[in-house]
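Just so it is clear, none of the values below were taken in a lab; they were calculated from the coordinates. Note that the structure is predicted; figures quoted are calculated from it, not measured. Reconstructed Cβ throughout: ideal geometry from the backbone, glycine too, with neighbour counts over all protein chains shown.
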Amino acid sequence: MNHPREYGSDQQRRTYINSHMSELHPVMKKLRQLMETHPRGFIMSDPNPIMVLSNMLKLAAAKKCIEVGVFTGYSSLAWALSMPEDGKVVACDISTEYTDIGKPFWKEAGVDHKIDLRIAPAVETLQSLIESEESGTFDFIYVDGDKLNADVIYELSLKLLRTNGIIAFDNSFMHGHLLKPEDEDERQDVSVIRKLNVKIQQDSRVAAVMLDVADGVYVCRKN
Ligand SMILES: C[S@@+](CC[C@H](N)C(=O)[O-])C[C@H]1O[C@@H](n2cnc3c(N)ncnc32)[C@H](O)[C@@H]1O
């Protein structure tokens with residue numbers, strides 16, 4: 001039997017965690033500061049999971065990554081900074097309006113040569129990578145966009161990842177909706193992720209664990 005344990009309130013934990021994270025890279029910090037006044041700035045990834053995942057990339061000596069959902073390039077910048085000079089991030093987004101904001105920051109950090117931005121629906125970009133025979137070659141895939149296609153993205157990603165490669169989904173709690181029972185009129189994106197989370201938990205192709213950071217991050221290692 002599990003003994004009940006008390007680790008403080010959610011707010012107390014978050015405050016403590018946030019005050020004990022290492023300093024961000026100065027360019028990541030600058031981009032975050034810029035986005036504080038942007039009307040959509042709140043959709044940027046939270047620095048805590050980004051730091052956890054960056055540490056994993058370093059440990060795995062990752063050289064090939066994919067990101068689904070670039071926005072203004074904060075998380076792409078983190079992956080590029082975590083890889084060696086010959087590392088590559090295939091960065092997928094449909095918006096040049098947002099990605100154009102991030103590009104100068106990639107250049108300032110000296111990692112723009114590692115980021116291969118593809119402006120197209122992510123599913124198309126992932127399919128094109130499979131067609132160009134890159135299956136089984138990626139170390140890490142971060143999914144933070146296109147929730148409606150998350151299941152297709154998961155299946156394509158499992159093809160593209162190498163054995164022991166990692167796929168990480170941001171927003172596994174879907175802004176808290178998935179911590180509650182299903183609504184009759186649940187939003188479609190919430191419903192897609194609810195089903196995908198169950199599928200992943202039962203999927204013998206991966207070893208998966210959800211991190212209780214920010215809006216939840218589902219970290220799945222391909223067996
Ligand atoms: C939550 S934001 C990504 C935040 C980013 N990871 C960061 O840390 O700043 C989601 C992004 O997904 C992009 N997106 C939406 N639908 C997409 C699709 N079908 N294919 C690729 N990107 C898509 C949006 O344009 C948006 O920039």
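Tabulated data
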{"item": "Greater than 28 Å apart at Cα, pairs in K63/K195; K159/K195; K88/K147; K63/K222; K30/K63", "result": "K63/K195"}
{"item": "Dipole of the chain, positive end: most advanced residue of V111, G41, L59 [Cβ charges, Cα centre]", "result": "L59"}
{"item": "Euclidean distance between Cα centres, segment 4-30 to segment 66-102, Å", "result": "24"}
{"item": "Cβ-placed point charges (K, R +1; D, E -1), dipole of the chain about Cα centre in debye, nearest 20", "result": "700"}
{"item": "Kirkwood Rh (inverse of mean 1/r, distinct Cα pairs), segment 1-141, angstrom", "result": "16.4"}
{"item": "Amide hydrogen neighbours beyond the local backbone of V206, cut-off 5 Å, H modeled", "result": "N223"}
{"item": "Qualifying GluC sites (Glu not before Pro) in segment 24-111, DSSP loop, other Cβ atoms within 10 Å at most 15", "result": "E36, E85"}
{"item": "Per residue convex hull volume, Cα atoms of segment 43-222, in Å³", "result": "107"}
{"item": "DSSP-defined beta bridges in the chain - what % are antiparallel, rounded to 5", "result": "35"}
{"item": "Qualifying aspartates and glutamates (Cα of each under 12 Å from Cα of K64; at least 8 residues distant if same chain)", "result": "E85, D86, D116, E134, D139"}
{"item": "Förster radius 25 Å - calculated FRET efficiency between H3 and Q201 (Cβ-Cβ, nearest 0.05)", "result": "0.55"}
{"item": "Sorted by Cβ density within 10 Å, fewest first, the residues I119, I43", "result": "I119, I43"}
{"item": "Taking the chain and dividing mean pair separation by its residue count, relative contact order in percent (alpha carbons under 8 Å, at least six apart)", "result": "16"}
{"item": "Cut-off 11 Å between beta-carbons: net charge of the residues surrounding A208, Lys and Arg +1, Asp and Glu -1", "result": "+3"}
{"item": "Total charge dipole magnitude, segment 47-102, about the Cα centre, Cβ charges on Lys, Arg, Asp, Glu only, Debye to nearest 20", "result": "300"}
{"item": "Gain in span if fully extended, E131 to L179, counting 0.36 nm per residue against the direct Cα distance", "result": "13.5 nm"}
{"item": "Cleavage-rule hits (trypsin sites (Lys or Arg not before Pro)) in segment 1-109: DSSP loop, at most 14 neighbouring Cβ within 10 angstrom", "result": "R5, R40"}
{"item": "Positive-end extreme of charge dipole, the chain - chosen from S95, P26, T72 (charges on Cβ)", "result": "P26"}
